[in-house]
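The values are calculated or read from the model by the stated rules, or taken from the named source; none is laboratory data. Remember, it's a predicted structure, so these values are computed and weren't measured experimentally. Don't worry about glycine lacking a Cβ; one is built from the backbone with ideal geometry, like all the others, and counts go over all protein chains shown. These accessible areas exclude ligands, DNA and RNA; they are computed on the full protein's heavy atoms, side chains included. Shrake-Rupley method; radii C 1.70, N 1.55, O 1.52, S 1.80 Å.
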Amino acid sequence: MLAACIFWGLMSPLGKDAMTHGISGVDMVSFRVAGAALLFWALSLFTPKERLSPREILIFIPAAIFGIVLNQCGFTIGLSITSPGNASIVTTTLPIFAMIMAFLILHEPITWKKAGGVLLGCAGAVMLVLMSAASSDSRVGNIKGDLIVMGAQVSYAFFLSTFNPIVKKYSVVTVNKWMFLFAALMIWPFTVGHVSRIEWAAVPARAYLETAYVVVVGTFISYILLINAQKSLRPTVVAVYNYVQPIVALTVSVLTGLGVFSPLQGVSIVLIFLGVMLVNKSRAKGEAMSLKQGQPEK
């Protein structure tokens with residue numbers, strides 16, 4: 001899980017750099033989805049086959065919309081507009097949105113501690129967005145990009161709350177090969193024209209390497225690491241590792257000049273982190289009570 005979060009943290013500044021040197025956000029998400037689909041289908045040739053019913057295969061279509069199309073398109077395009085630091089900070093709000101979706105869809109109760117965590121996290125996110133709106137320096141952030149990345153977290157939170165049973169039923173390879181296939185089929189008809197207009201000769205070699213990193217390491221390898229980590233770690237522990245992403249992304253962004261770090265960013269990070277910690281702590285207590293009473297974890 002630590003390796004996956006480090007890889008994701010590096011993906012923000014590396015992807016941002018590629019998207020300032022000839023590879024647009026639309027191009028990047030097209031390569032990311034199609035590349036991951038090819039890699040997961042190739043890997044499936046060497047893994048045990050799992051039989052899916054036609055109905056289950058069709059379920060992966062809406063799962064791909066919320067889990068990949070809206071999520072990855074939102075993050076990648078938002079990243080192309082805002083700073084790598086802001087994009088990585090906003091991604092840490094996922095547990096908060098996941099809790100809200102669990103309340104709305106699964107009717108899970110919200111405790112005072114969870115509610116306080118949501119308020120703190122939202123305050124941090126609002127502060128970050130307002131700071132982007134007030135700044136004219138794109139290295140600080142961009143309100144439009146921040147909101148698009150936030151929308152990507154809402155989409156993935158909906159995916160987790162709605163499609164968790166089918167995701168847990170099958171292996172990481174089976175789930176991702178179908179989801180990325182359907183995502184590629186949905187995205188490429190609208191982006192192939194844009195990709196065909198890339199001036200390949202004008203794109204520097206490092207942009208190709210950075211794009212390859214996003215596809216192979218930031219998507220394919222990281223998804224495999226994440227799913228395997230989830231099999232041996234409690235959900236609350238997995239969520240805590242997400243704090244690594246903005247630390248890595250901000251450090252690399254500042255060192256490379258792709259971003260800057262301001263005191264207000266620091267305050268927003270603290271508020272979001274405290275909010276997520278309260279949400280996870282409350283959830284962990286609920287899980288422990290269920291185990292103590294002999295009930296399965298939800």
Within the set Lys114/Lys231; Lys16/Lys177; Lys177/Lys231; Lys16/Lys49; Lys177/Lys281, which residue pairs have Cα atoms separated by over 28 Å?
Lys16/Lys49; Lys177/Lys281
Among Leu106, Ala4, Phe158, whose Cα sits farthest toward the positive end of the charge dipole of the chain (+1 at Cβ of Lys/Arg, -1 at Cβ of Asp/Glu, about the Cα centre)?
Leu106
For Cα pairs less than 8 Å apart in space and 6+ apart in sequence, what is the mean separation divided by the residue count of the chain, i.e. the relative contact order in percent?
40 percent
Net charge near Thr191 (other residues with Cβ under 13 Å of its Cβ; Lys, Arg +1; Asp, Glu -1) is +1
With +1 assigned to the C-beta of every Lys and Arg and -1 to the C-beta of every Asp and Glu, and no other charges, what is the dipole magnitude of the range 9-152 about the Cα centre in debye, to the nearest 20?
200 debye
With each label point set 7 Å from Cα along the Cα-Cβ vector, what nm distance links Ile6 and Lys168?
3.0 nm
Taking 0.36 nm per intervening residue step and subtracting the Cα-Cα distance, what contour gain separates Tyr208 from Ser53 on full extension?
51.9 nm
What distance in nm separates the two pseudo spin-label positions at Ala115 and Thr20, each 7 Å out from Cα along the beta-carbon direction?
4.4 nm
Mind listing the phi-derived Karplus ³J(HN,Hα) values for the range 191-198, rounded to whole Hz, using 6.51, -1.76 and 1.60 with θ = phi - 60°, and x for any glycine or proline?
10, 4, x, 5, 5, 5, 8, 5
Would you mind telling me the share, in percent, of accessible area of the chain contributed by carbon and sulfur at probe 1.4 angstrom?
73 percent
Direction-averaged shadow area of the convex hull around the Cα atoms of the range 1-128, nm²?
10.6 nm²
The answer for the chain, accessible area per residue at 1.4 Å probe in Å², is 47 Å²
What accessible surface, in Å², does a 1.4 Å probe find on Val167, ignoring ligands, DNA and RNA and rounding to the nearest 10?
30 Å²
To the nearest 500 deg cm²/dmol, what mean residue ellipticity at 222 nm is calculated for the chain from DSSP H runs of n ≥ 4 alone, each contributing -39,500 (n - 2.57), summed and divided by the residues?
-25000 deg cm²/dmol
Tell me which of Ser24, Val90, Trp178 sits at the most positive position along the dipole axis of the chain, charges placed on C-beta atoms (Lys, Arg +1; Asp, Glu -1).
Trp178
